[in-house]
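Heads up, the thing below is written out as structure tokens.
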Amino acid sequence: MDKIKDTRSFMRVTHRYLGYFLAGIMAVYAVSGIILVYRDTDFLKSEKKYEKTLSANLSEKELKKELKMKGLEVEKTEGTVLHFKRGTYDAATGVAKYSKMELPFVLDKMVSLHKSQSKDAIAPLSVFFGVALFFFVVSSFWMFNPKTKAFKRGIKFTIAGLIISVILLLI
């Protein structure tokens with residue numbers, strides 16, 4: 001019985017203080033997650049103009065890669081100038097003039113948390129955050145005595161959350 005009480009106490013205390021520690025990180029992830037829902041729109045974005053000198057005579061595919069513009073399609077060609085949505089590329093000189101819709105610097109950095117890869121410096125924070133959230137899932141089952149009404153109701157809500165998540169993933 002003491003071991004169960006020790007485990008419950010450890011889980012509750014760790015859950016509490018880890019929660020306080022992660023509150024700021026969770027706020028940043030929450031805001032950036034909401035912004036990512038609207039990444040296919042210009043929500044909170046502003047237009048930034050660029051002019052770059054690239055290699056001459058790039059193909060449409062190479063131009064797309066160099067400018068890092070998804071969905072870039074050449075709409076028309078006038079002489080050596082290729083016109084695409086939000087810009088032009090002169091194949092003879094290699095000069096590309098274009099604009100992109102971008103988030104403000106701070107919001108862009110926040111969104112990068114969700115897009116981090118193993119090679120990024122921020123990757124350990126993302127892994128730590130994911131592990132901590134999983135700990136929250138597990139430790140939440142030690143918040144209440146399993147014999148209480150609150151625990152039994154909590155299990156029902158957990159099952160409902162799992163079912164809704166699976167349904168939404170399959171749609």
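Descriptive notes on the structure:
- Most mobile listed residue (Ile155, Ile25, Ile35) in the chain, GNM with C-alpha springs under 10 Å: Ile155
- Mean separation of Cα contacts under 8 Å (6+ apart) over length of the chain, as relative contact order %: 25
- By the combined test of axial Cα extent (at least 27 Å) and Kyte-Doolittle hydropathy (mean at least -1.0), the qualifying DSSP H helices of the chain come to 2-37, 149-170.
- Residue of Leu18, Leu58, Leu103 that the Gaussian network model of the chain assigns the largest fluctuation, springs spanning Cα pairs under 10 Å: Leu58
- Dipole moment magnitude, nearest 20 debye, the stretch 25-165 about Cα centre, only Lys, Arg, Asp, Glu C-beta charged: 880
- When the pairs Lys70/Lys97; Lys45/Lys70; Lys76/Lys109; Lys48/Lys68; Lys76/Lys97; Lys85/Lys109 are compared against a 23 Å limit on Cα-Cα distance, Lys76/Lys109; Lys85/Lys109 fall above it.
- Within the stretch 28-78, GluC sites (Glu not before Pro) in DSSP loop having at most 13 other beta-carbon neighbours inside 10 Å: Glu73
- The residues neighbouring Gly94, those whose beta-carbon lies less than 13 Å from its own, together hold a net charge of -2 under the Lys/Arg +1, Asp/Glu -1 convention.
- Here the accessible area of the chain is 64 percent carbon and sulfur, with a 1.4 angstrom probe and all protein chains present.
- Among the trypsin sites (Lys or Arg not before Pro) found in the stretch 31-120, those both in a DSSP coil and sparsely packed, with 13 or fewer other Cβ atoms within 10 Å of their Cβ, are Arg39, Lys68, Lys70, Lys85, Lys115, Lys119.
- Each part gets one Cα centre, and for the stretch 106-139 versus the stretch 1-48 those centres are 10 Å apart.
- Divided by 2.2 N^0.38 Å, where N counts the residues, the Cα radius of gyration of the chain comes to 1.60.
- Working note: 222 nm ellipticity from helices only, DSSP H runs with n ≥ 4, each -39,500 (n - 2.57), summed and divided by the residues of the chain, gives -18500 deg cm²/dmol to the nearest 500.
- Binned Cα-Cα distance frequencies in the stretch 14-94 - 5 Å width, integer %: 3, 12, 17, 15, 10, 9, 8, 7, 6, 5, 4, 2, 1, 0
- In this label model, Val28 and Lys147 are separated by 4.5 nm, measuring between points 7 Å along each Cα→Cβ vector.
- Cut-off 11 Å (backbone N to label point 7 Å along Cα→Cβ of Thr158), residues of the stretch 110-151: 137-144, 146, 151
The values are calculated or read from the model by the stated rules, or taken from the named source; none is laboratory data. The structure displayed is predicted, hence computed values, not measured ones. So basically every Cβ, Gly included, is an ideal-geometry build from the backbone, and we count neighbours across all protein chains shown. With ligands, DNA and RNA removed, areas are computed over all heavy atoms of the protein, side chains included. Shrake-Rupley method; radii C 1.70, N 1.55, O 1.52, S 1.80 Å.
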